[in-house]
Each structure stands twice: as structure tokens, then as C-alpha cells.
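Just so you know, all these numbers are worked out from the coordinates, no wet-lab data involved. Note that the coordinates shown come from a computational prediction; the quantities given were computed from them, not determined experimentally. With ideal geometry, Cβ positions are generated from the backbone for all residues, glycine too; neighbour counts draw on all protein chains shown.
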Amino acid sequence: MAAVLKSEARAAVDAAARPNVLEGERVTKRFSETVVALEDATFSVPEGSFVSLVGPSGCGKSTLLRMVAGLIPMTSGTLAVRGEEVKAPRTDVGMMFQKATLLDWRTAVENVLLPTELAGRTTDADRKRAIELLHLVGLEDFEFAFPRQLSGGMQQRVSLARLLQTGADILLLDEPFGALDEFTRERMNIELLRIVDGIGATVLFVTHNIAEAIFLADQVMVMTPRPGRLAKVVDVPFARPREIDLITTAEFNEIVAEVRGILGGH
Amino acid sequence: MDVSPPADRTERRRLATRRVLTHLAIFACVLLVWEAAAWSGIADPLLYPQPSAIAASIVRIFFVQGNIWWHLWVTMHEVIVGFFVGTLLGISLAVAAGLSEILRRYMKPYVIIMEATPRIALGPLMIAWLGFGFSSKLAIIALVCFFAPFVNTLTGLLMADEDRMEMMRSMRATKRQIFWKLMLPAAMPIIMAGIRLAMASALAGALVAEFISANHGMGVLLTRYTQSLNMPSAFASLLTLTAIGFFLYRTMEIIEARIIFWQNDAEMHRVAKRRGAAWSSA
């Protein structure tokens, strides 16, 4: 558990000081001659940083995430995690989806144990850790509930615990709370920050909500559609941990305006 | 879990008892009217035997002569074996087709032809090929039981949602793991619906097969009683089949609730409790 709760609060933004865990150069994905999902995206993600990908539908943000996950191949360009080209899903990269994608016939803790089970034998330590992770995401007393007995927000909590159980430290989150109501989403975002700060994970977070993208991230990759392009990377200089009041400050809204300006041109 | 106050519960039980009594009273009335119709000559008792005669026949064919047991055994034996053979063949072939796109493509025209053919029309051919005995009945019932599980299993396997597939792949699950841990359990509800349909057609298939040609079985018994105008016994045989059908249906329902427990609230709570208990004792 020590590794999970390593309370090493992220220093503000000293991105330059940390090595890049993810580097993409001219990453392009074409689904056909005419359908270009992503064109020439060049970017790098420093270890331990939280990067949001924001943009309207069709800007290629989910496609980019899936290529990093090794779920779909790219058409051209290079994409490397920790210096190795991505060819297939890796153990240090984990993904979470908009839908909880839980298995209905497994209890919460059995769902959390799925990645362990897929990798080989499940030990008592794994079981203990799964329960601890469920507690970490705020699901005491629901370890043996089936997904159908849980609310949408609680299902996503299980899904987050399952992601943490994989042991991956590069987390790809594809609109993980997009299906939840506004209030639940806000609360989940704050908890997500607390948890990923705690484990020092690198996060790529896809969303189409500008304020959410900025509130969570050290850097915002602003993407525009048809063809999908990475328009600009915007730095977010606020210290962590962040309070929700941040979104009412003038500095915050300046960044919102900047991002909106980039998106508005398209 | 019942959390309502005790007074409320007694009240509900009282209402339930009353409802059962009303049902029984209506049923008794129907029997009385029927009996009276036969007595008064409105309905010809030779063709439409009165309930008392049917009841007497039931006692006779089950306990006095006891001749129904052998036929019942023959039919049930055919039904159970045919059901298992047909269902297992259907599911295994669907699994193979579900996993192999090539197999699926080349099988498709035959499946469409077979599906368009009324399976029971193959009955006389089966009897010509396999004789009057058990094997032709087994073949007919298996044929009748094949399609629903086949089609449903294939549909269920191909329905697996893309998000959960990606989730499994992102965790580096092998093809085998994806099949056993995701595709098959996810398809279980629709597979079970197919199996339930097969169970219902198995009994019907057995009877039709026996009507076509056989020396033993409930179909034979029913034909013999009807042809000799022993209507009370024909009705008694029919009621026996109704009871069997009901029993098979209920059994399937219970098995289904156990297998796909996560779709049934009561079962789900039970399993959740059991798994919680097993966990803390491990």
C-alpha cells in the first residue's frame, strides 16, 4: 500500500526537470483516404504530469488515447512510451473508459481483481490490495456488491480501483466521468486528483469540458477537428492541491478564454 | 428482505390467501359446469368426457393398470437425451462460428436453408433412415432443439460490447481469456433464453415424432386412446403432458435464475452475501 499512498505531493509545474514518459512525433491516424482522425500530432508528456486533451467530437482525442494504449495502430509517425515504440498494450499503461465496463457477474472486488487474474495467479496480497483500493476510492461496505447494485458514480469508482490494481503508472482516462451528473463529476474529479497525486502517476485525461480540462491539468492539449489536429499546448500554472474555488478566479478564467479562443477559430 | 411492519405483512398474507381461494372457487365452478354439461347431454360425453371420468382415468392409468409409466419413460428419455444432444451441438457449433469469421461465412447459407426448412418436416425422412425406434426420435428432437441455442449463442457472442472488449485488451487479456471471462458470460442470458425455447420444443418434437411412427411413447398412447374413443384416458394423458411441460419449464426457470444470477435481484443478493462470507473465511 505504501506505493499507492506515497504522499508525494506534486511540485507545481517543473515539467522541464522531469524526463518524458511519452513522446509522439507527427502521429497520424487515417481511417480511410478521406477520414483523417489525427494529423501530425507532436507532443511530449513529462513523468508525473497531468495532461488534459480537450476538443470537440472528431478532433482525434480518443483516437490518440487508443494509440497510446496500443489498442489501435497508427498510420504514420512515431509514438514511444519510456523510449520504446508502442506496438501493443503495455503493463505500465492503463486505460479507463466513459462507461464503467465492469463485468456484471463479478462483485466489485472481483472486478478490481480482474487485471491480476488476467496476468496470472491471484495472491492473498493481491486480494488485500484490491480491498484497500476500493476503500481508497471511497467504496467501504460495497466490496461484495454487484455492479447492478451500484450507482453510475460508484461503478466508475470500481473502474478506477481496477485501473489502479493494474499497477500501471501511466493512466489514460477517456472521459471517465462524462456520463455522470455535474455534481458527481466535480466530486469525482477532486478525488481523482487526490489519488493520482498520491501515487505520482502520469495522466492523460480526455474531456470536452474546457473548465474540467484546465482544473485538473498541468498542461492542456487543445485539439481541433476535421482533420484532427493538436492546435496548441497550454500550460496551467496553478499549485496543487487545488480547491474547487479556483475555477472562479480571474487567472483561471483567462486560461479558459485562451483555450476557448483556440477552439473558436475552428 | 422484508422490512415492512408485521401488521402489514399479516394483511398481505390474508389477501394472498383470499386470492388463492378465489382461484380455487372459480376452478371448481368450471369443473361443475363442465360436469353438468356432460350429464345433461349438451356436450356429448363420448367425445367430451366429464371431469369425474377423467379423474377416474388418471387413477386407472397411473395406479390400477399403471400402463402410462412405460410410455412416459420412453418419451421423457427421448426428450432429455434429444434436448441435451441438440442443445450441446447447437451451442458448440455457435461457439466455433462465433470465434471464426471464416467458418461463420461459409456456414451461413446452410444455416439459412436449415432455418427456412420446417425441421419437423424432416421427421418422416429420419424415420425412413433410422427406423421406428429411439435413434430416429433422438435425431428429430435433437434437430428441433438445435436452432434456438445455436442462433442465440451466436448472436450473444457477437453482441459483446466494444468498450468491454477494449478494456480486456488494454489489460493484455489473451483471446482465450476474453472468451471465457467476457464473451461467454456476457452471452449467457441470451443463450439461456435459447435453451429454454429448445426445452419447450423438445417435448412437442417428441410427440410429433411419435405421432409419425413409433411403437411406444406418450404420442402413441394418446393416438391409441383417441382412435379407440377412450376419451377420458386421452384427456388424462394430455393432462399428464401439461404437467410434464410445466415441470420442465419451471426447472429451466430455476436453473436459469441460478446461472444468470446477476439479472435476478433475489439471486444476486444471495450470491453477493455468499461471496462476501466466502471471502472473509478465506
Review point. Roughly how crowded by other chains is peptide A:118-131, in terms of the mean Cβ count from those chains within 10 Å of each of its Cβ atoms?
Key: 1
Revision key, fill the gap. The set of residues whose placed amide H lies less than 5 Å from the amide H of residue A:231, leaving out same-chain residues fewer than 5 positions away, is A:222, A:223, A:224
Review point. With θ set to phi - 60° and the Karplus curve 6.51 cos²θ - 1.76 cosθ + 1.60, what are the ³J(HN,Hα) couplings of region A:116-122 in order, to the nearest whole Hz, using x for Gly and Pro?
Key: 5, 5, 5, 7, x, 6, 9
**Study point:** For region B:51-121, alpha-carbon Rg and Dmax in angstrom
**Key:** 20.9, 62
Point to revise | Expected-Rg normalisation [2.2 N^0.38 Å, Cα atoms] applied to chain A | key: 0.99
Exercise for review: Work out the mean other chain Cβ neighbour count within 10 Å for the residues of A:95-105 and drop it here as an integer.
Suggested key: 6
Check your understanding: Under the Karplus relation 6.51 cos²θ - 1.76 cosθ + 1.60, θ = phi - 60°, what is the ordered set of whole-Hz ³J(HN,Hα) values for region B:118-128, x standing for Gly and Pro?
Key -> x, 4, 5, 5, 7, x, x, 5, 4, 5, 5
**Study point:** Under 10 Å, Cβ to Cβ, from residue B:140 - net charge with Lys/Arg +1 and Asp/Glu -1
**Key:** 0
Review point. ³J(HN,Hα) across region A:164-180 via Karplus (A = 6.51, B = -1.76, C = 1.60, θ = phi - 60°), whole Hz, x for Gly/Pro?
Key: 5, 5, 5, x, 5, 10, 10, 10, 9, 10, 9, 6, x, 10, x, 8, 8
Check your understanding: For region A:200-266, which semi-axes, largest first and in whole Å, follow from the square roots of 5 times the eigenvalues of its Cα gyration tensor?
Key -> 21, 15, 9
Review point. How would you order A:144-153, A:209-218, B:267-276 from highest to lowest mean count of nearby Cβ atoms within 10 Å?
Key: A:209-218, A:144-153, B:267-276
Point to revise | the protein assembly as shown, dipole about Cα centre (Lys/Arg Cβ +1, Asp/Glu Cβ -1), debye to the nearest 20 | key: 1740 debye
Exercise for review: List B:106, B:225 from most exposed to least, where exposure is judged by having the fewest other Cβ atoms within 10 Å.
Suggested key: B:106, B:225
Exercise for review: Please give the average number of partner chain Cβ atoms lying within 10 Å of the Cβ of each residue in A:139-150, rounded to a whole number.
Suggested key: 3
Point to revise | Positive dipole terminus of region A:101-167, leading residue within A:109, A:166, A:151 (C-beta point charges) | key: A:166
Exercise for review: Just order A:241-253, A:182-194, B:238-250 by mean Cβ neighbour count inside 10 Å, highest at the front, would you?
Suggested key: A:182-194, B:238-250, A:241-253
Review point. Of B:41, B:217, B:131, which is the most mobile in a GNM of chain B whose springs link Cα atoms less than 10 angstrom apart?
Key: B:41
Check your understanding: Among B:42, B:29, B:167, which residue has its Cα positioned farthest towards the positive end of the charge dipole of chain B, with +1 placed on the Cβ of Lys and Arg, -1 on the Cβ of Asp and Glu, and the dipole taken about the Cα centre?
Key -> B:167
Check your understanding: Roughly what % of Cα-Cα distances in region A:101-167 sit above 20 Å, to the whole percent?
Key -> 15 percent
Point to revise | Rounded to the nearest 20 debye, dipole of region A:101-167 from Cβ charges on Lys, Arg, Asp, Glu | key: 140 debye
Practice item. For region B:12-143, go through all pairs of different Cα atoms, get the mean of 1/r, take its inverse, and jot down that Kirkwood value in Å. Key: 20.0 Å
Check your understanding: How big, in percent, is the set of alpha carbon pairs in region B:57-261 lying more than 26 Å apart?
Key -> 44 percent
Check your understanding: Can you list the residues, at least 5 places off or on another chain, whose amide H is less than 5 Å from the amide H of residue A:38, using H built in the peptide plane?
Key -> A:29, A:228
Check your understanding: Which value, in debye to the nearest 20, gives the size of the charge dipole of chain B about its Cα centre, when Lys and Arg are +1 and Asp and Glu are -1 at the Cβ?
Key -> 820 debye
Review point. Please state the Cα pair-distance histogram of the protein assembly as shown with 20 angstrom bins from zero: what percent is in each bin?
Key: 17, 36, 27, 16, 5, 0
Practice item. Report relative contact order for chain B in percent, whole number only (criteria: Cα-Cα under 8 Å, sequence separation at least 6). Key: 22 percent
Review point. Taking the alpha-carbon centroid of each part, what is the distance from region A:41-95 to region B:215-281 in angstrom?
Key: 54 Å
Exercise for review: Over 22 Å, how big is the tail of the calculated P(r) for region B:139-282, in percent of all Cα pairs?
Suggested key: 59 percent
